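My structure is below; once you've seen it, I'll send some questions.
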Amino acid sequence: HHLRDPQPMTSAGMNYVVLGLAFVFEAAVWFFAVKEFRRVKGRHGFLDAVKYSKDPSLFVVLFEDTAALLGLAVALLGIYLADVHQVWWADGGASIVIGLILAGTAAWLAYETKSLLIGEAASAGEVQGIRDMADVVDGVEHVNEVLTMHMGPDFVLVNISVDFANDVLAGDVEDAIAQLDSAIKQRYPVVKRVFVEIESR
């Protein structure tokens with residue numbers, strides 16, 4: 001409606017005040033979000049930190065605040081164009097752009113976090129490390145499979161299928177599994193539960 005039948009801007013001064021204050025407050029929150037994200041991302045770049053992070057709360061707040069700042073900036077620009085340059089459709093156009101910014105941000109965050117929602121596996125390096133540890137356990141002839149799943153940012157579930165030699169005693173198997181469980185959790189603190197299945201290859 002505002003694009004097809006634009007109307008002159010009214011009460012522009014109040015709009016400037018409200019949006020200006022909102023921008024200042026949002027910028028302050030954004031500053032602290034960036035500061036915290038820089039602290040936890042370590043040596044990774046921003047996009048890599050988002051890709052490899054297992055805790056969405058670390059970056060969701062930052063990108064939501066970024067989208068909010070962009071939306072406020074677009075709203076201010078739309079009001080300015082309508083108020084100063086009499087581009088009456090700019091206010092309605094700004095609303096559409098803001099909607100696209102929010103929709104794009106939501107879609108991108110959903111894409112980045114969907115793997116955690118459906119259960120993301122541990123990194124390839126961690127899976128290979130666990131496989132190597134299981135492979136050198138006394139009595140293990142073959143590691144059939146290593147399955148992992150993130151249950152939370154700091155909670156990884158591990159399921160290992162191994163084939164023990166036929167002459168290994170049951171008591172020795174129990175000891176070997178207990179040692180493997182302890183070694184994996186010590187090397188990878190995020191691993192909280194380890195299940196070992198004894199199956200032929």
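Once Lys and Arg get +1 and Asp and Glu get -1 on their Cβ, which of G139, V162, V97 lies farthest toward the positive end of the dipole of region 41-165?
V97
If the only charges are +1 at each Lys and Arg Cβ and -1 at each Asp and Glu Cβ, what is the size of the charge dipole of the chain around the Cα centre, to the nearest 20 debye?
On the way: 15 positive and 26 negative charges, 231 e Å.
The calculation lands at about 1100 debye.
With a Förster radius of 35 Å, plug the Cβ-Cβ distance of Q86 and V61 into 1/(1 + (r/R0)^6) and report the FRET value to the nearest 0.05.
The computed FRET efficiency comes out at 0.35.
What distance in nm lies between label points placed 7 Å from Cα along the C-beta direction at L169 and W108?
A separation of 6.2 nm, rounded to one decimal place.
Follow-up question, since we're still on this one. Using the alpha-carbon atoms, what tilt in degrees (0 to 90, nearest 10) does helix 12-41 show relative to the longest principal axis of the chain?
With rounding to tens, the tilt is 20 degrees.
Per 5 Å bin from zero, what fraction in whole % of the C-alpha pairs of region 18-162 is there, up to the bin with the longest pair?
Histogramming region 18-162 at 5 Å steps yields 2, 9, 13, 13, 13, 11, 9, 8, 6, 5, 4, 3, 2, 1, 1, 0, 0 percent.
Next question. Considering only DSSP beta bridges with both partners in the chain, what is the antiparallel share in %, to the nearest 5? Display every interim value, and only then the final one.
Numbers: 10 of 17 bridges.
About 60 percent, rounded to the nearest 5.
Further question on the same structure: Compute the acute angle (0 to 90°) between the alpha-carbon long axis of helix 57-84 and the principal axis of greatest extent of the alpha-carbon atoms of the chain; round to the nearest 10°.
Approximately 10 degrees, to the nearest ten.
Of I79, F32, F46, which is farthest on the positive side of the dipole of the chain, counting Cα position, with +1 on Lys and Arg Cβ, -1 on Asp and Glu Cβ, and the Cα centre as origin?
It is I79, whose Cα lies furthest towards the positive end.
Here's another thing I want to ask about it. So what is the calculated 222 nm ellipticity per residue for the chain, using -39500 (n - 2.57) for each DSSP H run with n of 4 or more, over all residues, to the nearest 500 deg cm²/dmol?
-21500 deg cm²/dmol
Under a straight-distance cross-link criterion of Cα-Cα below 17 Å, which aspartates and glutamates are reachable from K192, leaving out those fewer than 8 residues away in the same chain?
The reachable aspartates and glutamates, counting only those whose Cα sits under 17 Å from K192, are D55, E120, E126, D154, D181.
If I fit a long axis through the Cα atoms of helix 90-118 and take the longest principal axis of the Cα atoms of the chain, what angle between them do I get, 0 to 90°, rounded to 10?
10
FYI, it's all coordinate maths here, none of it is from the lab. Everything numeric here is computed off the predicted structure, so don't read it as measured data. Positions of Cβ are backbone-derived with ideal geometry, glycine not excepted, and every protein chain shown enters the neighbour counts.
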